[in-house]
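Note sheet for the following structure.
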Amino acid sequence: LAVWDASSARWLFAETWSLIFGESAAVNAFNRLPTLCVAAGRRLFASFVGAYFDDVITIDIEALEGSGARSTLRLLQAVGAPPSPEKHFPGASHRTWLGMAINAAEVPTSGNISVQAKDASALNLHRGVFEAINSGRLSRAEASTLRGIAGWTGSLAAGRCGRIGLEVLK
């Protein structure tokens, strides 16, 4: 933390272990280390790694023999943020994470990774849409929830193209 002291006309420096910009900065502060680790893992180790808050996941193809997961684990340990045992998984080409099923088994042959919504995620989305259609109404809260589910599912499965239909829910 740097503060200008007008009476002495100099900068004063201090180390802080708090959210100096208040609670509104909590999400950004909380996500900096995982974001840095994901960027480093992708660039330094060419790992298929991603994070959602403090959940870090690595997808490996069989030929890599788990090297992506091992390098991600070592990276997290090096910065003092090793995952808890229930959040650390060995390398695998199939992962279910955050409502999505991710399959990287075809990367060596076709270069493709398939991503699809888990059945429960798709069912929640379908149920919400059909309830709105059948009732002929959609409250703001219901539209917001449905927009969140649709946005998350669509963008994970199809990137920014997956958000095309969300405007109607606004």
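The values are calculated or read from the model by the stated rules, or taken from the named source; none is laboratory data. Keep in mind it's a predicted model, so treat the numbers as computed, not measured. Positions of Cβ are backbone-derived with ideal geometry, glycine not excepted, and every protein chain shown enters the neighbour counts.
Could you tell me which of the residues 153, 109, 145, 58 is hydroxyl-bearing (Ser, Thr, Tyr), modelled with pLDDT of 85 or more and surrounded by 11 or more Cβ atoms within 10 Å (Cβ to Cβ)?
145
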Item to complete: Would you check which residues across region 16-46 are at pLDDT below 85 and assigned to a loop (DSSP other than H, G, I, E, B) and list them?
Response: 16, 17, 18, 19, 20, 21, 22
Worksheet item: Tell me, which residue of region 87-142 that is aliphatic (A, V, I, L, M) and touching a Lys or Arg at 6+ places or on another chain (Cβ under 7 Å) is nearest to residue 169 (Cα to Cα)?
Response: 100
Worksheet entry | When residues of region 61-72 are limited to those that are outside any loop (DSSP other than H, G, I, E, B) and at pLDDT below 80, the one surrounded by the most Cβ atoms within 10 Å (Cβ to Cβ) | 64
Fill in: From 154, 91, 165, 128, residue being under 16 Å from the mean Cα position of the chain (by Cα) and of a type outside the set (Asp, Glu)
154
Discussion item. Being under 17 Å from the mean Cα position of the chain (by Cα) and at pLDDT below 80 is the requirement here; does residue 117 meet it?
Written reply: no
